Amino acid sequence: MLVIRDAQMAVFGRTAEAAFCDRAVDYLRRNVPEVCASMTPEHLLESVRFAASRCRSLGSRREVDVLRYLNLMYEIGRAHV
């Protein structure tokens with residue numbers, strides 16, 4: 001039987017989160033390039049992490065919800081967190 005320990009699951013989680021953040025930054029660059037042009041890669045990543053954290057605090061862990069939240073942030077001009 002295969003046993004996955006908590007520490008291993010934590011590594012998997014961090015890897016999955018990092019991959020999602022990369023995809024979300026690419027998504028933003030494709031969908032709101034005019035806003036992203038003035039932002040550093042670090043700031044884009046920070047805004048994705050903020051959106052993910054905010055969604056978790058609202059009870060959602062789904063990637064699609066984070067992307068929706070990002071859309072809202074960038075459309076109303078709150079991309080600069």
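The values are calculated or read from the model by the stated rules, or taken from the named source; none is laboratory data. Just so you know, these numbers come straight off a predicted model, no measurement behind them. Ideal geometry is used to build each Cβ from the backbone, glycine not excepted, and the neighbour counts take in all protein chains shown. Just so you know, the surface numbers come from the protein's heavy atoms only, side chains and all, with ligands and any DNA or RNA stripped out. Shrake-Rupley method; radii C 1.70, N 1.55, O 1.52, S 1.80 Å.
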Inset, instruction - State all residues of the range 1-39 that are hydroxyl-bearing (Ser, Thr, Tyr) and either in contact (Cβ under 8 Å) with a residue 12 or more places away in the chain or open to solvent by less than 70 Å² (accessible area, probe 1.4 Å) (or both); if no residue qualifies, say none. - result: TYR27
Inset, instruction - Identify the residue in the range 40-55 that is out of contact with any His (no Cβ under 8 Å at 6 or more places or on another chain) and open to solvent by less than 50 Å² (accessible area, probe 1.4 Å) and, among all such residues, is farthest from GLY13 (Cα to Cα). - result: LEU44
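Would you point out which residue out of LEU58, LEU72, LEU67 is touching a residue at least 24 places away in the same chain (Cβ under 8 Å), on the phi < 0 side of the Ramachandran plot and either open to solvent by less than 100 Å² (accessible area, probe 1.4 Å) or not basic (Lys, Arg) (or both)?
Numbers: LEU58 fails: touching a residue at least 24 places away in the same chain (Cβ under 8 Å); LEU72 fails: touching a residue at least 24 places away in the same chain (Cβ under 8 Å).
From the options LEU58, LEU72, LEU67, the qualifying one is LEU67.
In this structure, does MET1 turn out to be in a loop (DSSP other than H, G, I, E, B) and either in contact with a Ser or Thr (Cβ under 7 Å, 6 or more places away or on another chain) or not charged (D, E, K, R) (or both)?
For MET1, the condition - in a loop (DSSP other than H, G, I, E, B) and either in contact with a Ser or Thr (Cβ under 7 Å, 6 or more places away or on another chain) or not charged (D, E, K, R) (or both) - is met.
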